[in-house]
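What follows is one structure encoded as structure tokens, with my remarks underneath.
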Amino acid sequence: MALAQPTLHLTDYLAWENAQPERHEFYRGETFAMVGVRRVHGMVSGNVFAALKSALRGGPCEVFTESLKVQVADEAVFYPDVFVTGHADDLRTDMVFRHPTLIVEVLSDSTQGYDRSLKFAMYRRIAELREYVLIDPDSRSVEVFRRNERDLFELHDQTGTDTLDLCSVDARIPMTEVFNGLTS
């Protein structure tokens, strides 16, 4: 029988997490170990990071990868695959970001439901978030959820298009770059 894990407060989690060799996400007092990723997941997230790094060079925003934390209120801390922020507080922090403009998650069979539901519900609470992107490397589907003028997220399905259009950061990435290195 497994022993119950104690409920952590956010500050306790952050202190504990910073001492761990592996990553754990936090949701309402519970921690969840992050599992390793498949090669295709790493390739797609790396491709998107590199393309955004190039597209945003010299601008007011910076792009970051899954090794850094995004905090949502006092309830959750996640490790998005790729995210962009231009918020002054975020550009000064070393470890915990709170104001991303764009978040990209690369889907896998084991994380798809989590990324589409709980994570997306939490991310929507970030006032600065303008776009949430889900990329499935297996089916090559690309869904962009963009916040509209009514403060609701609308789906812009970019599956099968030539470019990934990211209005929040004024970037266009050719889909050939997003999926570069993946075999058909």
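Values quoted throughout were computed directly from the atomic coordinates according to the rules given, and no laboratory measurement underlies them. The model shown is predicted, which means the values in this text are computed figures rather than measured ones. Please note: Cβ atoms are built from the backbone with ideal geometry, for glycine as well, and neighbour counts cover all protein chains shown.
Got a sec? Which of R116, R125, R140 is closer than 24 Å to D90 by Cβ, touching a residue at least 12 places away in the same chain (Cβ under 8 Å) and basic (K, R)? Explain how you work it out, then say what you get.
Working: R116 fails: closer than 24 Å to D90 by Cβ; R140 fails: closer than 24 Å to D90 by Cβ.
After applying the criteria, what remains is R125.
Got at least one residue in the range 112-132 being farther than 20 Å from V77 by Cβ and surrounded by fewer than 17 Cβ atoms within 10 Å (Cβ to Cβ)?
Of the range 112-132, the ones farther than 20 Å from V77 by Cβ are 112, 130-131.
Remaining after also requiring surrounded by fewer than 17 Cβ atoms within 10 Å (Cβ to Cβ): 112.
Scanning the range 112-132, I find at least one residue that is farther than 20 Å from V77 by Cβ and surrounded by fewer than 17 Cβ atoms within 10 Å (Cβ to Cβ), so the answer is yes.
May I ask you to list the residues in the range 122-142 that are within 13 Å of the chain's Cα centre (by Cα) and either β-branched (V, I, T) or more than 19 Å from T85 (Cα to Cα) (or both)?
Step one: of the range 122-142, the residues within 13 Å of the chain's Cα centre (by Cα) are 122-124, 126, 129-135.
Across the range 122-142, the qualifying residues are I126, V133, I135.
Could you tell me which residue of the range 58-99 is surrounded by the fewest Cβ atoms within 10 Å (Cβ to Cβ), considering only residues that are closer than 22 Å to G36 by Cβ and in contact (Cβ under 8 Å) with a residue 60 or more places away in the chain?
Top of the filtered list is M95.
Checking R28 against (1) within 22 Å of S110 (Cα to Cα); (2) touching an Asp or Glu at 6+ places or on another chain (Cβ under 9 Å); (3) buried (at least 16 other Cβ atoms within 10 Å of the Cβ), which single condition isn't satisfied?
Evaluating R28 over (1) within 22 Å of S110 (Cα to Cα); (2) touching an Asp or Glu at 6+ places or on another chain (Cβ under 9 Å); (3) buried (at least 16 other Cβ atoms within 10 Å of the Cβ) leaves (3) as the failure.
Filter the range 111-137 down to the residues that are among the hydrophobic types (A, V, I, L, M, F, W, C) and in a loop (DSSP other than H, G, I, E, B), then identify the one that is farthest from N148 (Cα to Cα). Explain how you work it out, then say what you get.
Looking only at the range 111-137, we keep the residues that are among the hydrophobic types (A, V, I, L, M, F, W, C), and these are 118, 120-122, 126-127, 129, 133-135.
Now narrow it down to the ones that are in a loop (DSSP other than H, G, I, E, B): 126-127, 129.
Working: I126: 14, A127: 12, L129: 11 Å.
Filtering the range 111-137 for residues that are among the hydrophobic types (A, V, I, L, M, F, W, C) and in a loop (DSSP other than H, G, I, E, B), the one farthest from N148 (Cα to Cα) comes out as I126.
So which strands (runs of 3 or more DSSP E) stay within the range 1-110 end to end and still have 1 or more residues that are touching a helix residue (DSSP H, G or I) at 6+ places or on another chain (Cβ under 7 Å) and closer than 30 Å to G181 by Cα? Working first, answer last.
On the way: elements: 24-27, 30-33, 62-65, 69-72, 76-78, 82-85, 102-106.
Hits in the range 1-110: 24-27, 62-65, 76-78, 82-85, 102-106.
Considering only the range 138-158, how many residues are assigned to a loop (DSSP other than H, G, I, E, B) and under 16 Å from D109 (Cα atoms)? Step through it out loud before you land on a result.
Restricting attention to the range 138-158, the residues satisfying the condition of being assigned to a loop (DSSP other than H, G, I, E, B) are 138-140, 148-152, 158.
In the following step, the residues that additionally are under 16 Å from D109 (Cα atoms) were identified as 138-140.
Of the residues in the range 138-158, 3 are assigned to a loop (DSSP other than H, G, I, E, B) and under 16 Å from D109 (Cα atoms).
Answer yes if at least one residue in the range 162-173 is among the charged types (D, E, K, R), more than 27 Å from D12 (Cα to Cα) and loosely packed, with under 12 Cβ neighbours inside 10 Å, and no otherwise. Quick ask: steps written out before the conclusion?
First pass over the range 162-173, keeping only residues among the charged types (D, E, K, R): 162, 165, 170, 172.
Narrowing further to those that are more than 27 Å from D12 (Cα to Cα): 162, 165, 170, 172.
Those still in the list that are loosely packed, with under 12 Cβ neighbours inside 10 Å too: 162, 170.
The answer is yes; a qualifying residue exists.
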